[in-house]
Amino acid sequence: MAAKLITTALRRTALRRTASLKPINLRPFSTAAATIPDPYDDPSSLTVKGVKISGRPLYLDMQATSPVDPRVLDAMLPFYLSRYGNPHSRTHLYGWESDEAVEIARGQVAQLINASPKEIVFTSGATESNNISVKGTLHFYKEKKKHVITTQTEHKCVLDSCRHLQQEGFDVTYLPVKSDGLVDVGKLRDAIRPDTGLVSVMAVNNEIGVIQPMEEIGAVCKEFKIPFHTDAAQALGKIDVDVDKWNVSLMSLSGHKIYGPKGIGALYMRRRPRIRVEPQMNGGGQERGIRSGTVPTPLVVGMGAACELARKEMEYDEKRISMLQERMLNGIRAKLDGVVVNGSEERRYVGNLNLSFAYVEGESLLMGLKEVAVSSGSACTSASLEPSYVLRALGVDEDMAHTSIRFGIGRFTTEEEIDRAVELTVKQVEKLREMSPLYEMVKEGIDIKSIQWAQH
Amino acid sequence: MAAASPSRPEILSLFRSLLRTSRQFSDYNIREYSKRRTIDAFRLNKHATDPSAAFADGKSQLEVAKRQALVYSLYAPKVKSIMELNH
């Protein structure tokens with residue numbers, strides 16, 4: 001009873017006091033007078049990079065990262081506050097309780113993908129898991145196996161690892177994709193050689209959201225007895241992932257795409273038949289020697305909690321996100337023409353909507369959409385100016401590839417946010433099209449592609 | 001230890017507490033999500049024959065929500081989400 005009174009009193013004072021709490025000082029130790037105004041000081045607006053906006057943008061970039069679910073944060077906090085032990089310490093309570101938490105989390109991750117906890121290795125993210133899978137497998141089997149098959153639409157880390165292998169003397173086949181983004185299983189079958197050591201195809205593409213035919217590819221790999229690796233970072237917790245149905249030997253998982261913390265991922269490694277890899281991180285032999293280094297207990301617990309939540313909420317989330325995606329697509333299509341969905345419309349993950357707007361320039365569209373947090377291309381490649389390699393692999397024209405916008409819908413997106421995003425996008429596209437001479441010509445009926453542009 | 005079966009007033013009281021706690025979240029998205037999820041979860045279990053498991057789950061979720069509403073309010077950003085400001 002007393003505890004209840006204390007907590008209510010504490011909560012009341014804490015909530016009352018937040019109004020007068022100083023903002024978290026981002027530079028607590030700076031002794032110079034603050035000459036640069038802190039952009040977060042003014043409560044009425046935010047000025048960052050010369051752009052002034054009145055509130056935090058609405059977040060529609062779920063493929064880049066996702067907000068941490070409060071239930072996940074609740075599971076993680078005790079491990080930062082009082083249960084801070086190293087899970088590899090065998091001699092005291094701190095180590096034992098930490099180790100127990102890691103093993104529970106391992107079970108939670110394994111249950112989501114229908115694997116055994118002994119087959120899960122925790123890493124620092126899907127990028128590290130991809131590196132271990134691609135480079136580690138080929139280095140282990142380098143006497144007999146010299147060939148890797150992957151696709152042109154893979155994540156940069158897989159493509160870069162393959163390029164690294166090419167420099168070491170391995171052969172890599174980059175399979176082309178059809179115009180809807182899917183891999184042709186017949187072409188995969190033709191590309192297989194006797195010395196193929198790995199097939200790597202990502203389950204759900206991060207840019208266009210298409211779901212590859214995993215069961216068919218798995219069946220081909222089983223027939224030829226080749227290890228099948230998949231990057232399931234975007235697929236985990238969103239579509240039904242089953243390592244036995246897909247027949248994967250290696251799977252990369254990421255924590256921060258399923259409402260978990262950043263900095264944690266996992267690698268699934270099949271035990272029957274056993275796949276062996278050469279470790280990329282050498283050290284004390286933690287995680288069965290595959291990935292040495294202290295296992296970060298709070299992050300691991302967060303990822304486990306996120307996986308458990310995903311298992312419980314997957315059906316509810318999918319129904320809702322599918323409804324939101326339809327709402328967005330119908331809303332945009334009702335007001336605008338010349339809107340193209342990149343990637344297959346049937347075989348796609350519902351939370352990823354990649355649209356190209358004809359006769360509009362991409363950068364200016366993004367700059368005009370400053371109240372909506374979206375991305376064009378993927379977060380990894382949006383620094384450079386060239387159009388995304390994924391869209392190029394789909395065969396999309398350069399001008400359409402430049403105007404592609406990726407909307408990411410997630411568990412916490414509301415209908416009002418979708419409506420507002422549709423409204424802002426339509427307004428911005430109409431404004432840009434009005435200024436565009438190309439659009440004027442199209443309206444008059446001239447075919448842009450038939451124009452002979454005069455050389456100066 | 002667990003009650004045999006929660007009575008109707010108990011279930012209603014849990015529902016109201018969850019909604020009340022949802023309103024206290026300072027983050028727009030989390031607030032809307034917890035309201036919506038509570039209503040949908042209770043609607044889904046409306047005709048369940050034995051609600052004690054769902055009730056126990058609901059009670060533990062209430063504890064989580066109370067703690068997290070406090071944590072979120074401690075770190076609430078000064079600038080609110082654009083959805084909370086007038087159009």
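The values are calculated or read from the model by the stated rules, or taken from the named source; none is laboratory data. Remember, it's a predicted structure, so these values are computed and weren't measured experimentally. Quick reminder, even Gly has a Cβ in these numbers, built from the backbone with ideal geometry, and neighbours come from all protein chains shown. Ligands, DNA and RNA are excluded from the accessible area calculation, which covers all protein heavy atoms including side chains. Shrake-Rupley method; radii C 1.70, N 1.55, O 1.52, S 1.80 Å.
Quick notes on this one:
- Filtered by the rule that a residue be over 16 Å from residue A:241 (Cα atoms) and open to solvent by 30 Å² or more (accessible area, probe 1.4 Å), the stretch A:90-117 gives A:90, A:91, A:92, A:93, A:94, A:96, A:97, A:99, A:100, A:103, A:104.
- Sole residue being under 21 Å from residue A:205 (Cβ atoms) and assigned to a loop (DSSP other than H, G, I, E, B), chosen from A:239, A:275, A:226: A:239
- Taking the stretch A:343-361 as the range and being within 15 Å of residue A:376 (Cα to Cα) and in contact with a Leu (Cβ under 6 Å, 6 or more places away or on another chain) as the test, only A:360 passes.
- Members of the stretch A:39-94 found to be out of contact with any Lys or Arg (no Cβ under 8 Å at 6 or more places or on another chain), in contact (Cβ under 8 Å) with a residue 60 or more places away in the chain and not in a loop (DSSP other than H, G, I, E, B), listed by number: A:59, A:71, A:72, A:73, A:75, A:76, A:79, A:80
- Here residue B:78 meets each of (1) within 8 Å of chain A (Cβ to nearest Cβ); (2) part of a helix (DSSP H, G or I); (3) exposed (fewer than 15 other Cβ atoms within 10 Å of the Cβ); (4) among the charged types (D, E, K, R) with one exception, condition (2).
- Hits in the stretch A:387-435 - residues which are over 30 Å from residue A:151 (Cα atoms), surrounded by fewer than 18 Cβ atoms within 10 Å (Cβ to Cβ) and away from every other protein chain (no Cβ under 14 Å): A:426, A:430, A:431, A:434, A:435
- Flag for residue A:284 being open to solvent by 60 Å² or more (accessible area, probe 1.4 Å) and in the same structural domain as residue A:85 (by the TED database): yes
- Hits in the stretch A:406-435 (condition: farther than 21 Å from residue A:334 by Cβ and not basic (Lys, Arg)): A:408, A:410, A:412, A:435
- For the stretch A:242-268, the tally of residues that are under 16 Å from residue A:201 (Cα atoms), within 22 Å of the chain's Cα centre (by Cα) and not in a strand (DSSP E or B) stands at 5.
- In the condition set (1) within 30 Å of residue A:71 (Cβ to Cβ); (2) outside any helix (DSSP H, G or I), residue A:418 is compliant with all but (2).
- For residue A:355, the test of being open to solvent by less than 50 Å² (accessible area, probe 1.4 Å), within 23 Å of residue B:81 (Cβ to Cβ) and more than 14 Å from chain B (Cβ to nearest Cβ) is failed.
- Residue tally, condition of a type in the set (Asp, Glu) and open to solvent by 40 Å² or more (accessible area, probe 1.4 Å), over the stretch A:287-333: 4
- Taking the numbered list (1) within 13 Å of the chain's Cα centre (by Cα); (2) surrounded by 13 or more Cβ atoms within 10 Å (Cβ to Cβ) in turn, residue B:10 passes all entries but (1).
- Some residue of the stretch A:168-178 being within 17 Å of residue A:347 (Cα to Cα), among the aromatic types (Phe, Trp, Tyr) and within 22 Å of the chain's Cα centre (by Cα): no
- If you go through the stretch B:38-68 and pick out every residue that is open to solvent by less than 50 Å² (accessible area, probe 1.4 Å) and either within 8 Å of chain A (Cβ to nearest Cβ) or β-branched (Val, Ile, Thr) (or both), you end up with 5.
- Output for the stretch B:24-37, where each listed residue is open to solvent by less than 40 Å² (accessible area, probe 1.4 Å), farther than 15 Å from residue B:77 by Cα and facing another protein chain (nearest Cβ under 7 Å): B:33
- Flag if residue B:67 is basic (Lys, Arg), over 24 Å from residue A:78 (Cβ atoms) and without any contact (Cβ under 8 Å) to a residue 60 or more places away in the chain: no
- Qualifying residue in the stretch A:356-367 (condition: modelled with pLDDT of 90 or more and under 23 Å from residue A:419 (Cβ atoms)): yes
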